[in-house]
1. When the residues of the stretch 38-50 are filtered to those that are at pLDDT 95 or above and outside any strand (DSSP E or B), which remaining residue is surrounded by the most Cβ atoms within 10 Å (Cβ to Cβ)?
2. Counting just the residues of the stretch 100-132 that are of a type in the set (Asp, Glu) and over 19 Å from Leu44 (Cα atoms), which one comes out surrounded by the most Cβ atoms within 10 Å (Cβ to Cβ)?
3. Given the options Val153, Val86, name the one that is outside any helix (DSSP H, G or I) and buried (at least 20 other Cβ atoms within 10 Å of the Cβ).
4. Determine which single condition Trp158 fails, assuming it passes every other condition in (1) in a helix (DSSP H, G or I); (2) closer than 17 Å to Phe13 by Cα; (3) not β-branched (Val, Ile, Thr).
5. Which residue is surrounded by the fewest Cβ atoms within 10 Å (Cβ to Cβ), if the candidates are limited to the stretch 133-149 and must be assigned to a helix (DSSP H, G or I) and more than 16 Å from the chain's Cα centre (by Cα)?
6. Counting only residues that are in contact with a Leu (Cβ under 9 Å, 6 or more places away or on another chain) and touching a residue at least 24 places away in the same chain (Cβ under 8 Å), which one in the stretch 159-169 is farthest from Leu16 (Cα to Cα)?
7. Name the one entry in Arg15, Arg105, Arg28 that is touching a residue at least 24 places away in the same chain (Cβ under 8 Å), over 30 Å from Pro188 (Cβ atoms) and in a helix (DSSP H, G or I).
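The values are calculated or read from the model by the stated rules, or taken from the named source; none is laboratory data. Fair warning: this is a prediction, and the values are worked out from it, not measured in the lab. Methodologically, a virtual Cβ is constructed for each residue, glycine included, from the backbone with ideal geometry; neighbour enumeration extends over all protein chains shown.
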Amino acid sequence: MTHLPTPLTGDLFERLGRAVDREAKIPRALDALGPTADRDVLVLDGSSSIPADRIVGTGARLTLIPATRLEASDATDIDGSADVLVVAWSAFRGPTEAELAAAERWLRPGGRLLVLHDYGRDDVSRLFDPRPEYGDWSRRDGPFLGNGFKIRVVHSWWTFDSIEDTRAFLVEAFGQRGAELAESLTRPRLSYNVAVYHRSFGAA
């Protein structure tokens, strides 16, 4: 499971999980940047929500690991075990030197690190207060591009079954902000931009 950056829980979170990226743009982007198909992929597990195969795609050999293993001293069993490490919203909110060192240990030579975070500049970002991922993280001198990462922005959607379902969800989940956004919508989806920060480690 992967963790979306939202305070929602229970039924509202499940409804959101079903709405996110129905077009499967995110797994296609990860495969293009990895690739991930027919490869050993570690997914750093967040606390809840979207099944990993919906994020990475069904063609990868997936292993989920808890985010707590970033700080663990007993993680040597996964050293050098993966071609790709996918981190979806749950960590690498920087990233720190310790996180980068763990990624380098876990990946085989030439392995790919793919980190997903919200990018902003979309409908969804109107539901939240300003966040560093909406600006600072994508700067050339920011924590990702300044650490050897490149960026690809995936223009995806939160898609619901009808405009009525969309509006009802927004009001229930986000109160006044959701109601204001709902009033501006003319179709049952919200634009949702996801940044994939990507880099390699070592020579293949």
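1. Among those that are at pLDDT 95 or above and outside any strand (DSSP E or B), it is Arg39.
2. Taking the stretch 100-132 as the starting set, the residues that turn out to be of a type in the set (Asp, Glu) are 104, 118, 122-123, 129.
Among the residues that remain, those that are also over 19 Å from Leu44 (Cα atoms) are: 122-123, 129.
Working: Asp122: 19, Asp123: 17, Asp129: 7.
So, considering only residues that are of a type in the set (Asp, Glu) and over 19 Å from Leu44 (Cα atoms), the one surrounded by the most Cβ atoms within 10 Å (Cβ to Cβ) is Asp122.
3. Numbers: Val153 fails: buried (at least 20 other Cβ atoms within 10 Å of the Cβ).
Just a single option satisfies the conditions, and that option is Val86.
4. The failed condition is (1).
5. Looking only at the stretch 133-149, we keep the residues that are assigned to a helix (DSSP H, G or I), and these are 133-134, 136-138, 145-147.
Now drop any that are not more than 16 Å from the chain's Cα centre (by Cα), which leaves 136, 145-147.
Numbers: Asp136: 13, Leu145: 16, Gly146: 10, Asn147: 13.
Filtering the stretch 133-149 for residues that are assigned to a helix (DSSP H, G or I) and more than 16 Å from the chain's Cα centre (by Cα), the one surrounded by the fewest Cβ atoms within 10 Å (Cβ to Cβ) comes out as Gly146.
6. Initially, the stretch 159-169 is screened for residues in contact with a Leu (Cβ under 9 Å, 6 or more places away or on another chain), giving 159-160, 163, 166-167, 169.
Still in the list and also touching a residue at least 24 places away in the same chain (Cβ under 8 Å): 159-160, 163, 166, 169.
Working: Thr159: 9, Phe160: 9, Ile163: 15, Thr166: 10, Phe169: 8 Å.
Filtering first and then ranking leaves Ile163.
7. Numbers: Arg15 fails: over 30 Å from Pro188 (Cβ atoms); Arg28 fails: over 30 Å from Pro188 (Cβ atoms).
None of the others qualify; the one that does is Arg105.
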